[in-house]
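The values are calculated or read from the model by the stated rules, or taken from the named source; none is laboratory data. All values reported here derive from a predicted model rather than from experimental measurement. Please note: Cβ atoms are built from the backbone with ideal geometry, for glycine as well, and neighbour counts cover all protein chains shown.
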């Protein structure tokens, strides 16, 4: 009898635990749970010819939970701008995320993410995507025009070809460049309604010494093609060193030397050399047809801001060379 009593007591405890567990489960099920879903989170726009247009898609969001969901933040990938209406979504209601993808100057396979940040603690992120491939309406080469080792009075020339990939006719309305000293000419192809064109970019004036950085702009009826133009223009005569140093604590008479050399070996003459904003003397000596030596004797205390050696040459495109004196 005692054993039966204990078994009954254990069974009653197990029953009580089971009842409590079921009640707890029912309480959890009854809790309000926010949940936001998008049943088509990826939009594939396929293959499209890029014509400077925008691709627009609307994602539908559904609150399948029993609590309102708030959109706290929208994180768009570059080129995409998104809005969500409404930003607070009641249970059983929908919202629309409108995403606009600007396709200008974008080609090839595309994968754009739109990340929605919600107030749902366990799963706060909704990941939406726009994918597809953008084809060029106009195929062209080269993708980048590069000029290297140009001299200010040297000639620069590059040829670019462009082909219409569309079935319909395309008009080349204009061809220009942002770089001073270069001009653009359409040397082959029907500029009004052709299928292919040959464009020449060439110098029409001395180029400024330094970096070339700009674009060749081909304005077609389908949109504008911007082709980067890069390069560098080196001076005809280069000074070594490029600037002559002096210590800030130097005093008395100091001697310095510099070499002037033509980059392409051409002959040139020095007509004069003098100090500016400093006291002393300058002399020069010809070492070869394209190479000269400068010898300076400078009173160190006299070197003021803007001090330099100014050298006049026989070169029309580089008649004056200035070598700074720096402390």
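Taking segment 305-327 as the range and being in a loop (DSSP other than H, G, I, E, B) and within 41 Å of the chain's Cα centre (by Cα) as the test, the residues that pass are 305, 306, 307, 315, 316, 317, 318, 319, 327. If the condition is being surrounded by 15 or more Cβ atoms within 10 Å (Cβ to Cβ) and farther than 27 Å from residue 320 by Cα, then segment 197-213 contributes 197, 199, 200, 201. Residue 289 meets all of the listed conditions (1) under 30 Å from residue 214 (Cβ atoms); (2) modelled with pLDDT under 95 but one, namely (1).
Tell me whether segment 295-302 contains one or more residues that are crowded, with 16+ Cβ neighbours inside 10 Å, modelled with pLDDT of 95 or more and either on the phi > 0 side of the Ramachandran plot or within 44 Å of the chain's Cα centre (by Cα) (or both). No, the conditions are met nowhere in segment 295-302. Checking every residue in segment 93-101 against the condition of being at positive phi and surrounded by 13 or more Cβ atoms within 10 Å (Cβ to Cβ) gives zero matches.
Scanning segment 83-109 for residues that are in a strand (DSSP E or B), in contact (Cβ under 8 Å) with a residue 40 or more places away in the chain and closer than 30 Å to residue 219 by Cα returns 99, 100, 101, 102. The single condition among (1) surrounded by fewer than 15 Cβ atoms within 10 Å (Cβ to Cβ); (2) over 19 Å from residue 107 (Cβ atoms); (3) within 27 Å of the chain's Cα centre (by Cα) that residue 188 does not meet is (3). Please indicate, with yes or no, whether at least one residue in segment 262-279 is in the same structural domain as residue 322 (by TED's automatic domain parsing), crowded, with 18+ Cβ neighbours inside 10 Å and not in a strand (DSSP E or B). Within segment 262-279 (the criterion being in the same structural domain as residue 322 (by TED's automatic domain parsing), crowded, with 18+ Cβ neighbours inside 10 Å and not in a strand (DSSP E or B)), the answer is yes, since at least one residue qualifies.
Within segment 280-304, how many residues turn out to be assigned to a loop (DSSP other than H, G, I, E, B) and either in contact with a strand residue (DSSP E or B) (Cβ under 8 Å, 6 or more places away or on another chain) or within 11 Å of residue 325 (Cα to Cα) (or both)? Of the residues in segment 280-304, 3 are assigned to a loop (DSSP other than H, G, I, E, B) and either in contact with a strand residue (DSSP E or B) (Cβ under 8 Å, 6 or more places away or on another chain) or within 11 Å of residue 325 (Cα to Cα) (or both).
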